[in-house]
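Quick notes on the structure that follows.
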Amino acid sequence: MSLTIQEIPTKDAPMALLLIADPSEDKIRSYLPGSKCFVASREGVVVGACVVQALGVGAHELMAIAVHPDHQRAGYGTALLKHVIELFRASGARRLEVGTGTFGYQLAFYQRQGFRVDHIDRDFFVLNYPEPIFEDGIQLFDMLRLTLRYPEQEA
């Protein structure tokens, strides 16, 4: 089955899907303005979504990426991430950043696409979310900041 990936207006962002990646609707709503939202659809059904925000000239941050639980492990998240990576590479971006927990499948997901650990934002999840966040039964405290650096664009 064919997967379609397209940019949609942020006002149409699939909130229920984005809440899989970020449990705070307030946080999501705070970064949607000024961001770009992309959805992956299969046979007209949205199976994945991501939000990317500009950080400055040539730099962007992947704020959230999620695939509906019924469609996980089918390659849709990887296809969506690769699409975003290539789209921003083609636009002349120098780097794409993402923040994630310090363990779990998400870390390997990003590393498989060339992201590398840049630094640790200590106590991020404790200081920025009102309720504790758990992954595989372990509370998240620190956020790993990863960066994918694009090769210099040839002139």
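The values are calculated or read from the model by the stated rules, or taken from the named source; none is laboratory data. Since the model is a prediction, treat every value here as computed from it, not as a measurement. Here Cβ is always computed from backbone atoms with ideal geometry, including for glycine, and neighbour counts include all displayed protein chains.
Scanning segment 20-33 for residues that are more than 15 Å from GLU61 (Cβ to Cβ), assigned to a helix (DSSP H, G or I) and touching a residue at least 12 places away in the same chain (Cβ under 8 Å) gives a single hit, ILE20.
The residues in segment 34-49 that are within 26 Å of TYR129 (Cβ to Cβ), in contact (Cβ under 8 Å) with a residue 40 or more places away in the chain and surrounded by fewer than 18 Cβ atoms within 10 Å (Cβ to Cβ) can be counted, and the count is 0. The residue list GLU61, GLU131, GLU86, GLU152 contains one member that is modelled with pLDDT of 95 or more and either in a loop (DSSP other than H, G, I, E, B) or surrounded by 12 or more Cβ atoms within 10 Å (Cβ to Cβ) (or both), which is GLU61.
Restricting attention to segment 12-28, does a residue exist that is farther than 24 Å from ILE138 by Cα and more than 15 Å from the chain's Cα centre (by Cα)? Yes; the residues of segment 12-28 include at least one that is farther than 24 Å from ILE138 by Cα and more than 15 Å from the chain's Cα centre (by Cα).
Residue count for segment 3-19 satisfying the condition of being in contact with a strand residue (DSSP E or B) (Cβ under 6 Å, 6 or more places away or on another chain), assigned to a helix (DSSP H, G or I) and more than 21 Å from THR100 (Cα to Cα): 1. With respect to ASP142, is the statement that it is closer than 23 Å to SER24 by Cβ and either among the hydroxyl-bearing types (Ser, Thr, Tyr) or out of contact with any strand residue (DSSP E or B) (no Cβ under 6 Å at 6 or more places or on another chain) (or both) true? Considered against the rule, which asks whether it is closer than 23 Å to SER24 by Cβ and either among the hydroxyl-bearing types (Ser, Thr, Tyr) or out of contact with any strand residue (DSSP E or B) (no Cβ under 6 Å at 6 or more places or on another chain) (or both), ASP142 comes out as no. Could you say whether any residue in segment 92-102 is out of contact with any helix residue (DSSP H, G or I) (no Cβ under 7 Å at 6 or more places or on another chain), part of a helix (DSSP H, G or I) and surrounded by 16 or more Cβ atoms within 10 Å (Cβ to Cβ)? Checked against the condition, which is being out of contact with any helix residue (DSSP H, G or I) (no Cβ under 7 Å at 6 or more places or on another chain), part of a helix (DSSP H, G or I) and surrounded by 16 or more Cβ atoms within 10 Å (Cβ to Cβ), segment 92-102 yields no hits at all.
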